[in-house]
Amino acid sequence: MSTNSIDAQLMAKMFLAGARNLESKKEWINELNVFPVPDGDTGTNMSLTIKSAADEVKGLESVTLETVSKAISSGSLRGARGNSGVILSQLFRGCSKVWRNEAEITPKNTAAAFQKAVETAYKAVMKPKEGTILTVARGGATKACELVEENPDIEIGDLLSQTIRYMDEVLNQTPEMLPVLKEAGVVDSGGQGLVQILKGCLNGFLGIEEEEEEKEEVRKFNYRVEYILNCAKHISKEERLKFVGFLESIGADVAAERCDQGLKVYLNTDDPGAALTKATEYGTMSRIHVINNIDRPVYPLHLFDEKELEEALKNPEEDSDPEPASQPEAGNSSAAAAVDLAAASSEASPAPHKDVGFVAVSIGEGLGGIFRDLGVDCLIEGGQTMNPSTEDVMNAVAKVNADTVFILPNNKNIILAAQQAQNLIHDKKIIVIPTKTIPQGITAMIDYMPDKTPAENETAMREEILAVKTVELTYAVRDTRIGDNVIHSGDIMGVGDHGIIAVGKEVDDTAIASLKKMVDSDSELISVYYGKEMSEEKAQALGEKLGEAFPDCDVEVNAGGQPIYYYIISVE
């Protein structure tokens, strides 16, 4: 290998360094969330996406540019969470298309890989928006191509450092491209995540993380601990970070994801007792699993053979891309955590085959019950506070014994992951209805007509969800100003379909103020879904207030059980 190129071993080392740097910065990136809601998750989504790829790279037996590229691409595609994670996986996929066929990485094919990454990512987004991760990635690709064109003999370290420096400059300009970023006083969180990955990769190239990497490779914790922390009360972001900090002090690979009951906790540690004892300060535990890591591989590899790879991902716009779409082994926390099969389904008694089935993303016992009653076959536990991965969606679809499966993401940050799963599934017809909220998903299910064809239902469902307006009531986690709204930490916010529409001190008052901006002369029905922290009595009282304030509308009050959001309210 020449001194101006990167071989497969160094490429793997650089990628893992990039993943570690993002992991260390994820909470900071989460804080860049524009809206001060208690669920900013860009850093977490990107970190979980790249971790899925890092796990496959760590499990490689044969390290070549081809195998490393495929592991990065396949792992990130299946592990992608949220819009930022899906776009990141497409960037990796684009780089893989170039590098997997090379003997070594050079400045020239690095520029080509960056350019291909941008082309691939832009194609994955129906309406690309400037001032986002896409803009930062495109700036990097453009700069890399210019540098190579100006100096074909440029050192690869100089190429990377100058490209990253320019991407930082583009990142700092994102507030000028998106007014909402400027108002919040932040740069784009997805773009920041991408820059941090590349800075970590550069550190790996320069050997800055070599000592830490060597320590990590020889460090293997004896136990894998997993449990549900059933919180006695809502755990704030500050409390969760404090809890995570303690877990990180006694182990590694820590995750504490919000779920209906409270938190889903995972970590590798030598002291499982401490991890369990600490949890008792916040509530009770269920579904406790303590697994001996010594008896099982920590980073299992899931790769298809070459023929299967060629069939795993097909893009009609260009040559097929051989990426694996395999299933995780039992116990893989990244995918197994999210899928909640409908109560009637079980492996012992498989559901009878039918023509059409349904998968929906939801969180909260009440909302889950509503979707099951409407005919949803498989629920994926998740939503705004916990975005399921592409693989979670694929696993859910696999559990539905139907020729055609409708997927209802029910969140704008999950639609891309559902569409990515659609592209990876070839044994069933998949139809993604782009529902952005829970009420849209409920409306879509209500409007499904069994006597119509899937295509006819798709058209009807897409039309009907456009008539649904939604507002979610939650609290602010920091002071900020967005548009005309001056927001203080602890304020109640009404978050509508296109941003914050009301701010107040009381939940009911803010709910009514929000609906005054939503209800019009065509409105007929107001549906209220009350969350985990609200009692039925309080919800019924709000329903009565809404009935008085909007006498021309029928008002329905339903138990949702969702965390974080006091109420989810729709107007139709």
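The values are calculated or read from the model by the stated rules, or taken from the named source; none is laboratory data. These numbers come from a predicted model, not from an experiment. Note that each Cβ is placed from the backbone with ideal geometry, even for glycine, and that neighbours are counted across all protein chains shown.
Quick rundown of the values:
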read-out	value
Cβ-Cβ under 9 Å pairs, at least 6 apart or on other chains, the range 274-287 side among the hydroxyl-bearing types (Ser, Thr, Tyr), far side part of a loop (DSSP other than H, G, I, E, B)	282/232; 282/233; 282/235; 284/232; 286/261
Candidate set: the range 49-64, residues that are outside any loop (DSSP other than H, G, I, E, B) and among the hydroxyl-bearing types (Ser, Thr, Tyr); chosen: the one nearest to residue 253 (Cα to Cα)	52
Counted residues, the range 171-207 - those being among the β-branched types (Val, Ile, Thr) and under 22 Å from residue 72 (Cα atoms)	2
Tabulated pairs, the range 96-119, first within 18 Å of residue 153 (Cβ to Cβ) and assigned by TED's automatic domain parsing to the domain that holds residue 135, second β-branched (Val, Ile, Thr) and in a loop (DSSP other than H, G, I, E, B), C-beta under 9 angstrom, 6+ apart or interchain	107/154
Flag if residue 16 is surrounded by 22 or more Cβ atoms within 10 Å (Cβ to Cβ), under 14 Å from the mean Cα position of the chain (by Cα) and part of a helix (DSSP H, G or I)	no
Yes/no for residue 142 being more than 26 Å from the chain's Cα centre (by Cα), part of a helix (DSSP H, G or I), hydroxyl-bearing (Ser, Thr, Tyr) and in the same structural domain as residue 75 (by TED's automatic domain parsing)	yes
Residue among 457, 423 that alone is surrounded by fewer than 22 Cβ atoms within 10 Å (Cβ to Cβ), assigned to a helix (DSSP H, G or I) and under 23 Å from the mean Cα position of the chain (by Cα)	423
Per-region count, the range 379-420, residues part of a strand (DSSP E or B) and either within 23 Å of residue 456 (Cβ to Cβ) or among the basic types (Lys, Arg) (or both)	7
Residue within the range 389-399 that is under 18 Å from residue 497 (Cβ atoms) and touching a Lys or Arg at 6+ places or on another chain (Cβ under 9 Å) present	no
Matching residues, the range 524-572, being aromatic (Phe, Trp, Tyr) and assigned to a loop (DSSP other than H, G, I, E, B)	550, 565, 566
Cross-chain or 6+ apart pairs with Cβ under 6 Å, the range 76-94 first and basic (Lys, Arg), then surrounded by 24 or more Cβ atoms within 10 Å (Cβ to Cβ) and not in a helix (DSSP H, G or I)	81/387; 81/389
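Listed here are the residues, each with its yes/no results for (1) outside any strand (DSSP E or B); (2) not hydroxyl-bearing (Ser, Thr, Tyr).
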site: 474; (1), (2): no, no
site: 477; (1), (2): yes, yes
site: 494; (1), (2): no, yes
site: 518; (1), (2): yes, yes
site: 522; (1), (2): yes, yes
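Okay, residues lined up against (1) out of contact with any Lys or Arg (no Cβ under 8 Å at 6 or more places or on another chain); (2) modelled with pLDDT of 95 or more:
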position	(1), (2)
407	yes, yes
413	yes, no
426	no, no
440	yes, yes
448	yes, yes
